[in-house]
Amino acid sequence: MLNWDRTLLTTSSLCLLLFTTMLPVRAKPVQPKKPAPTATTIYQQAKKELPEDFYTLYRVIDRVARANELDNRPWRVVAVPKYDVNAYASDVNLVAIYDGILDQLAGDSSALACVVAHEMGHHTKRHIAVGEAKKTELIAKIQEEATKEVLGEREAANQESTAANVGGAVVNRVVGGTFGGLLGSVLGNQGAQRQVESQQRINEIVEKKKKELEQRLAEQERQQEFEADEIGYIASVKAGFEPEGCLRVMQVLAQTPGSEFDTTHPAVPKRIEAIKALIIKYPPQTLAKEGEARISKTKPLTYNISKDKTSLRINSVRGGSQADDIERRFGK
Ligand SMILES: [Zn+2]
């Protein structure tokens, strides 16, 4: 894949499968003790317990979620052990980051925050759920319409074929012999041929309309990428990261082959221009101030290994333990 993106659930499942076997090596399952009461201790604990990549991703999501009021849901993050300069959003609130992009952005938490916030943006805008459901619905509609459109012709062809067969039989009876048989079969074959042609026409219509749909969806996806880029910029800057982080990500993406062209993603030069425009439209200082105000009113989020043991779960403001919650409400 060229750029970071949403991926179909099948692909993400594959990635998760890969990750299932890799996680124990990369991130020993963590069952943290009771959440530490202060930011300093919880972050120190995280640094001690988590591999560096996960520690960084936890800190990034903690800030982005709190600064942007996205801390009302749990987030999950995986580091995919494959050297792709890519990341994607899939499943429910899952952000997957490939080793390649972690490596290329080493030492640059602002750039990483932009990537993570971009993927979180795909989730908050429901790009995945809406996109896939809509695509399935539209393809079904195309097939239905194409069948309806050709149905009349098909029926006509059927009738003609029947008529031709009857004609052939009549010729056979009247003319008899080899000549009559041959004529009948020619007339019959003409009708059958028309049926084949009708079927071909349905296929052609479906193919043509599917291609048009794919073009429309690709255009929609490119718009969604611009939207996610906008969220990536706003949310990471609100979280206190450098606005240039997003531009540095684009510089890395610009080095990947074909990045100058529109694909499922807009061409990288267009994305760079759009981000530069965002920096003017939404001044970084204003965003940072807004985000800081929210962060200062909230507590650090806690974390756990997800139930399926394949990802790190950054908990919502409600924390990660139902037992703790019930005790808080009704006592021990
Ligand atoms: Zn994207």
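The values are calculated or read from the model by the stated rules, or taken from the named source; none is laboratory data. Note that the structure is predicted; figures quoted are calculated from it, not measured. Don't worry about glycine lacking a Cβ; one is built from the backbone with ideal geometry, like all the others, and counts go over all protein chains shown. Accessible surface areas use protein heavy atoms only, side chains included; no ligands, DNA or RNA. Shrake-Rupley method; radii C 1.70, N 1.55, O 1.52, S 1.80 Å.
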Kindly write out, for region 99-105 in residue order, the coupling ³J(HN,Hα) from the Karplus curve 6.51 cos²θ - 1.76 cosθ + 1.60 (θ = phi - 60°), rounded to whole Hz, with x marking Gly and Pro. 4, x, 6, 4, 5, 5, 9
A192 versus Q322: modelled label distance in nm, points set 7 Å from Cα along the beta carbon direction: 6.4 nm
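Ignoring ligands, DNA and RNA, what percent of the 1.4 Å accessible area of region 181-332 is carbon and sulfur? Spell out each step's value before the answer.
Numbers: 4770 of 8790 Å².
Carbon-and-sulfur percentage of accessible area, whole number: 54.
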Mind running the shape call on region 203-332? Use the C-alpha gyration tensor, a ≥ b ≥ c as the square roots of the eigenvalues: rounded below 1.5 for a/c, prolate if a/b tops b/c, oblate otherwise. oblate
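Would you mind calculating the gained length between L138 and E153 on full extension (0.36 nm times residue separation, minus the Cα-Cα distance), in nm to one decimal? Intermediate results must be reported in sequence, preceding the final value.
Working: separation 15, 0.36 × 15 = 5.40 nm, distance 2.37 nm.
Net length gain for the segment: 3.0 nm.
Hey, can you rank 294-303, 107-116 by average C-beta count inside 10 Å, highest first?
107-116, 294-303
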Pseudo-spin-label distance A218 to E273, built 7 Å along Cα→Cβ, given in nm, is 1.9 nm
Karplus couplings for region 198-208 from phi (6.51 cos²θ - 1.76 cosθ + 1.60, θ = phi - 60°), rounded to Hz, Gly and Pro as x? 4, 4, 4, 4, 4, 4, 4, 4, 4, 4, 4
Relative to a virtual label point 7 Å from the Cα of Y43 in the Cα→beta-carbon direction, which members of region 288-315 show backbone nitrogen distances below 16 Å? 292-303
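Mind giving me the FRET efficiency for E52 and K307? R0 is 30 Å, r the Cβ-Cβ distance, nearest 0.05 is fine.
0.80
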To make sure I understand the rule: partners must be aspartates and glutamates, Cα under 14 Å from the Cα of K134, and not fewer than 8 residues away in the same chain. Which ones qualify? E214, E221
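Grab region 267-332 and count how many Lys pairs have their alpha-carbon atoms under 19 Å apart, sequence gap of 8 or more, or different chains.
Details: K270/K281; K281/K289; K289/K297; K289/K299.
Pairs that pass both the separation and distance tests number 4.
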Sorted by chain and then number, the residues having a modelled amide H within less than 5 Å of the amide H of E69, at least 5 places away or on another chain, are none
Any aspartates and glutamates whose Cα falls less than 18 Å from that of K148, other than same-chain ones fewer than 8 residues away, would be E137, E197, E204, E207
Using θ = phi - 60° and the Karplus form 6.51 cos²θ - 1.76 cosθ + 1.60, what ³J(HN,Hα) does each residue of region 294-310 get, whole Hz, x for Gly and Pro? 6, 4, 5, 8, 10, 9, x, 6, 8, 8, 8, 7, 5, 3, 7, 6, 10
Once R0 is set to 30 Å, what does the formula 1/(1 + (r/R0)^6) return for the Cβ-Cβ distance between K208 and K281, expressed as a FRET efficiency to the nearest 0.05? 0.15
Mind checking region 238-303 for GluC sites (Glu not before Pro) that DSSP puts in a loop (not H, G, I, E or B) and that have at most 15 other Cβ atoms within 10 Å? E260
Taking H placed 1.01 Å from N in the peptide plane, check which residues at least 5 places from D84 or on another chain put their amide H under 5 Å from its amide H. D99, G100, I101
Can you list residues whose amide H is under 5 Å from I305's amide H, if they're 5+ apart or on another chain and H is modeled 1.01 Å from N? V30, R313
Using alpha carbon centers only, region 269-305 is separated from region 79-135 by a whole-angstrom value of 17 Å
